[in-house]
Amino acid sequence: MLYNTITNRLRNYRWFIYVKIAGIIIFPVTLYLIPVGWLNEQHSICLFKNIFGIECFGCGITRAIVSAIQFDFVGAFNFNKLIVIVFPLLIFIWIRMLIQQLKLLKH
């Protein structure tokens, strides 16, 4: 309830909308700047893989998204085949969020 009250009050401030738009734009730019080689060197945090030693359906999706954002679609597909479904959905959600915030800015 407190969260809803705070969120409703912040929606009325133009600066808050500008901050949200900046965050929506900066997030994919940040992912673009992350080197995929660095991600490959990191330890997996997947519980399924760490406990059972085999990859789950979600393993590699972060590396695949970063590769797709960097326009390496073959590498993204090699990391996780589900990128064919996940990446277009992420783009759709990202564009929809951006349009929503821009519409709020007009009012």
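Quick notes on this structure:
- Within region 31-45, tally of residues that are exposed (fewer than 11 other Cβ atoms within 10 Å of the Cβ) and more than 10 Å from residue 62 (Cβ to Cβ): 7
- Residues that are loosely packed, with under 11 Cβ neighbours inside 10 Å and aromatic (Phe, Trp, Tyr), drawn from region 80-107: 92
- Taken together, the criteria exclude residue 75 from residues that are at pLDDT 90 or above, under 22 Å from residue 104 (Cα atoms) and small (Gly, Ala, Ser).
- Just one of the listed residues (77, 73) is in contact (Cβ under 8 Å) with a residue 12 or more places away in the chain and either of a type in the set (Ser, Thr, Tyr) or surrounded by fewer than 17 Cβ atoms within 10 Å (Cβ to Cβ) (or both), namely 77.
- Within region 2-21, residues that are within 12 Å of residue 101 (Cα to Cα) and among the hydrophobic types (A, V, I, L, M, F, W, C) have Cβ atoms under 6 Å from residues that are modelled with pLDDT under 70 and assigned to a helix (DSSP H, G or I) in these pairs: 16/10, counting only partners at least 6 apart in sequence or on another chain.
- Per this entry, residue 48 is not counted among residues that are farther than 26 Å from residue 17 by Cβ and exposed (fewer than 14 other Cβ atoms within 10 Å of the Cβ).
- Selection of region 28-48 for residues being more than 14 Å from residue 79 (Cα to Cα) and either in contact (Cβ under 8 Å) with a residue 24 or more places away in the chain or among the hydroxyl-bearing types (Ser, Thr, Tyr) (or both) yields 28, 30, 31, 32, 34.
The values are calculated or read from the model by the stated rules, or taken from the named source; none is laboratory data. The structure presented is a predicted model; accordingly, all values stated were derived computationally and were not measured. Because the Cβ atoms are built from the backbone with ideal geometry, glycine has one as well, and the counts that use them run over all protein chains shown.
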